[in-house]
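Visitor: Quick one: structure below, then a few questions.
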Amino acid sequence: MAAEERDWFKEDIRNVVDEPEWQRLRISFLGTWKKTPEENVQKLRDFLGPVDQATDRRLRTVWNYLTGSGMRTKTISHPSIDKLLAEVRAEAYRRREKDVKC
């Protein structure tokens, strides 16, 4: 495995979230979480794809978003958000553990 693949989690987050598709999706969420949380989570899932098959960049992007201040402070909360975050976190930890062993 190449060094840059093992260091996927260390990449500057500003570079990670600079994907145009992500920026459009992120903007579409503004002001909608209180009204349509399940729809928004589905959009995140669509962006991500199957969690265990997601690209490192997209996995990190969604994890970063789901641990942002609105979610962390529970200003934005819903069981479907918690479920997706748990899945993303578990996959990220699995990959990091796998990469450390390489």
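The values are calculated or read from the model by the stated rules, or taken from the named source; none is laboratory data. Nothing here was measured: the structure is a model prediction, and the numbers come from that model. Cβ: placed from backbone, ideal geometry, glycine included. Neighbour counts: every protein chain shown.
Here's the yes/no breakdown for (1) in a helix (DSSP H, G or I); (2) over 19 Å from residue 17 (Cβ atoms):
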| residue | (1), (2) |
| --- | --- |
| 52 | yes, yes |
| 57 | yes, no |
| 74 | no, yes |
| 82 | yes, yes |
| 88 | yes, no |
| 98 | yes, yes |
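Visitor: Still on this model: Which of (1) closer than 21 Å to residue 15 by Cα; (2) of a type outside the set (D, E, K, R); (3) loosely packed, with under 13 Cβ neighbours inside 10 Å is the odd one out, the single condition residue 65 does not satisfy?
Guide: (3)
Visitor: In addition: Among the candidates 74, 10, 34, 83, which residue alone is on the phi > 0 side of the Ramachandran plot and charged (D, E, K, R)?
Guide: Criteria check complete, one pass: 74.
Visitor: Within the stretch 69-78, restricting attention to residues that are within 16 Å of the chain's Cα centre (by Cα) and farther than 12 Å from residue 33 by Cα, which residue is surrounded by the fewest Cβ atoms within 10 Å (Cβ to Cβ)?
Guide: Result: 69.
Visitor: With respect to the numbered conditions (1) modelled with pLDDT under 95; (2) surrounded by 13 or more Cβ atoms within 10 Å (Cβ to Cβ); (3) not basic (Lys, Arg), which one is the sole condition not fulfilled by residue 47?
Guide: With (1) modelled with pLDDT under 95; (2) surrounded by 13 or more Cβ atoms within 10 Å (Cβ to Cβ); (3) not basic (Lys, Arg) applied to residue 47, the lone miss is (1).
Visitor: Just for the stretch 14-44: of the residues that are among the hydrophobic types (A, V, I, L, M, F, W, C) and either in a helix (DSSP H, G or I) or touching a residue at least 40 places away in the same chain (Cβ under 8 Å) (or both), which one is farthest from residue 58 (Cα to Cα)?
Guide: Taking the stretch 14-44 and keeping what is among the hydrophobic types (A, V, I, L, M, F, W, C), we get 16-17, 22, 25, 27, 29-30, 33, 41, 44.
Adding the requirement that they be either in a helix (DSSP H, G or I) or touching a residue at least 40 places away in the same chain (Cβ under 8 Å) (or both) leaves 16-17, 22, 25, 27, 33, 41, 44.
Values: 16: 8, 17: 8, 22: 9, 25: 12, 27: 16, 33: 20, 41: 14, 44: 10 Å.
Residue satisfying both the conditions and the ranking: 33.
Visitor: Follow-up question, since we're still on this one. Among 95, 60, 72, 89, which is touching a residue at least 60 places away in the same chain (Cβ under 8 Å) and basic (Lys, Arg)? First the steps, then the outcome.
Guide: Values: 60 fails: touching a residue at least 60 places away in the same chain (Cβ under 8 Å); 72 fails: touching a residue at least 60 places away in the same chain (Cβ under 8 Å); 89 fails: touching a residue at least 60 places away in the same chain (Cβ under 8 Å).
Criteria check complete, one pass: 95.
Visitor: Return the residues of the stretch 1-33 that are at pLDDT below 95, surrounded by 10 or more Cβ atoms within 10 Å (Cβ to Cβ) and not charged (D, E, K, R); say none if nothing qualifies.
Guide: Listed by number, the residues that qualify are 8, 9, 13, 16, 17.
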